[in-house]
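Novice: Let me begin by handing over the structure; questions about it come next.
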Amino acid sequence: LQRDAKGQYLFDLLCHHLNLLEKDYFGIRFVDPDKQRHWLEFTKSVVKQMRAQPPFTMCFRVKFYPTDPAALKEEITRYLVFLQIKRDLYHGRLLCKTSDAALLAAYILQAEIGDYDPGKHPEGYSSKFQFFPKHSEKLERKIAEIHKSELSGQTPATSELNFLRKAQTLETYGVDPHPCKDVSGNAAFLAFTPFGFVVLQGNKRVHFIKWNEVTKMKFEGKTFYLYVSQKEEKKIVLTYFAPTPEACKHLWKCGIENQAFYKLEKSSQVRTVSSSNLFFKGSRFRYSGRVAKEVMESSAKIKREPPEIHRAGLVPSRSCPSITHGPRLSSVPRTRRRAVHISIMEGLESLRDSAHSTPVRSASHGDAFAGPGRSGRADSSERVAVIADESYSPADSVLPTPVAEHSLELMLLSRQANGAPCSIEEEKESEAGTPAAEAEGELRALCPGTAGLGPAQAQQVNKFLLSVLRLLLVTVGLLFVLLLLLIVLTESDLDTAFFRDIRQTPEFEQFHYQYFCPLRRWFACKLRAVVNLLIDT
């Protein structure tokens, strides 16, 4: 890779290798040495975006989930999206009730090992595969039962298509979670889906905001703001706090890109977005790709022989361990399993708005498109959907992409074997010793009045004090500049009534003869000395 090669060059090279034409749904993700996720920007140099030393480790991922994955034009595209959603299922990002989980896993079995064969598949064969972070024997029997009796004769392509159709109907389809905290200090996961902005908190989806209701997104330090305009001219601002400023900026950029991709009609409507204001320098960012409507129109024009697909089969995969043989996580002690625990729902329920949540109406993403058999679904705009029996805790929210070529694979395998938790809590504990955390602790020490407050309140107080300090510095700076400008104008030859009156005052004459003239002579002397020194040398 040339040093000045842009991200677009690398991405095109990869898509050519995969024989992929519907490439706008995908991207390249990497993790920097600080374990912060990034999407490779195609308009910038690859080397300049990397803070690590080569060789660089990156991962090919679905960046924009298709609104209807079954409607994709080519089988190779559907297969790659299938791999991504299968990975989401394993890492706990895609939650579903028990019957749906068994059906999805059976589709994966059918796609990867074909029809059930008693000679090749002994009793309990489905337990050899890891589809979810946690299995139960009852679920495994249900998976095998569906695979044996209902899916016989389906080709891999048909099973993958049925898998996509089922996954598309789930509440957490397309969720790429960003760990945050709300203004009350409660943990939450923010996500951008094909249908809008989603907040997952505890075991509920507390907010669902359609893209046409999102008017603005910005960030300041660790704070992320989402401006919402709903019906009846109701305007609301949602505020969340990311773990680090870098994580908040990544969240903001993901939001800008997703809104542009799914909301706009043409890429020519994309505008540069800035997060700056009077007291924060901010960042400028512009989405550089095509939008969803243009991608669909371009896909409809594809006319070629379907490319050959080389499916992974039973080859072990680092990014999707569901097709590897090994010990089930059910053998791990219960206390160690909680961090990677996926809770299979017995059914979606509807609850009233949570008391600790901002009262924004929640709507099901099923209202945004008309799918088969979903036209009679009740409107859920006034409800909060329960997505799991326990807290939504995707296992790979911290490290979705390997930092080095082999280190993460070995780390994950050893953590699973030892039953060690892989959760966002570890990142919080590790942050306690970082320079950022130490600086935050010093700031709290300077403001002892905030010691008794919670982390969110203390952060708000510190932010207010910093804003006041910035305002004070800006005011003093402006006054100093105005004073210098006034002195220059009064000492100039500018002859106006205003300046004549000033020059005739006793105070100005005293300043002129006692301070300004000696200072001018001193500067002139020093300037002549410097000039003579330069001439001599």
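Novice: From the list ALA167, ALA187, which one is over 25 Å from ALA312 (Cα atoms) and either not assigned by the TED database to the domain that holds ILE76 or not charged (D, E, K, R) (or both)?
Specialist: ALA187
Novice: Let me ask something additional. Among (1) at positive phi; (2) under 26 Å from the mean Cα position of the chain (by Cα); (3) surrounded by fewer than 21 Cβ atoms within 10 Å (Cβ to Cβ), which single condition is GLY92 missing?
Specialist: All conditions are met except number (3).
Novice: Additional query: If PRO245 passes every condition in (1) buried (at least 20 other Cβ atoms within 10 Å of the Cβ); (2) under 13 Å from the mean Cα position of the chain (by Cα) but one, which one does it miss?
Specialist: Here PRO245 meets the rest and fails (1).
Novice: Hey, another quick one. Got at least one residue in region 201-208 being modelled with pLDDT under 90 and among the basic types (Lys, Arg)?
Specialist: Yes: one or more hits.
Novice: Is it the case that region 159-177 has a residue that's at pLDDT below 95, touching a Ser or Thr at 6+ places or on another chain (Cβ under 8 Å), in a strand (DSSP E or B) and aromatic (Phe, Trp, Tyr)?
Specialist: no
Novice: Listed residues TYR65, TYR79; which is under 15 Å from GLN168 (Cα atoms), under 16 Å from the mean Cα position of the chain (by Cα) and not assigned by the TED database to the domain that holds VAL291?
Specialist: TYR65
Novice: Still on this structure, please answer the following. Can you say whether ALA144 is open to solvent by less than 20 Å² (accessible area, probe 1.4 Å), without any contact (Cβ under 8 Å) to a residue 40 or more places away in the chain and touching a Ser or Thr at 6+ places or on another chain (Cβ under 7 Å), as far as the supplied structure shows?
Specialist: It is true that ALA144 is open to solvent by less than 20 Å² (accessible area, probe 1.4 Å), without any contact (Cβ under 8 Å) to a residue 40 or more places away in the chain and touching a Ser or Thr at 6+ places or on another chain (Cβ under 7 Å).
The values are calculated or read from the model by the stated rules, or taken from the named source; none is laboratory data. Quick caveat, the model's predicted, so the values are computed rather than measured. Neighbour counts are summed over all protein chains in view; Cβ atoms, including those assigned to glycine, are modelled from backbone coordinates with ideal geometry. Just the protein is used for accessible areas: all its heavy atoms, side chains included, with ligands, DNA and RNA removed. Shrake-Rupley method; radii C 1.70, N 1.55, O 1.52, S 1.80 Å.
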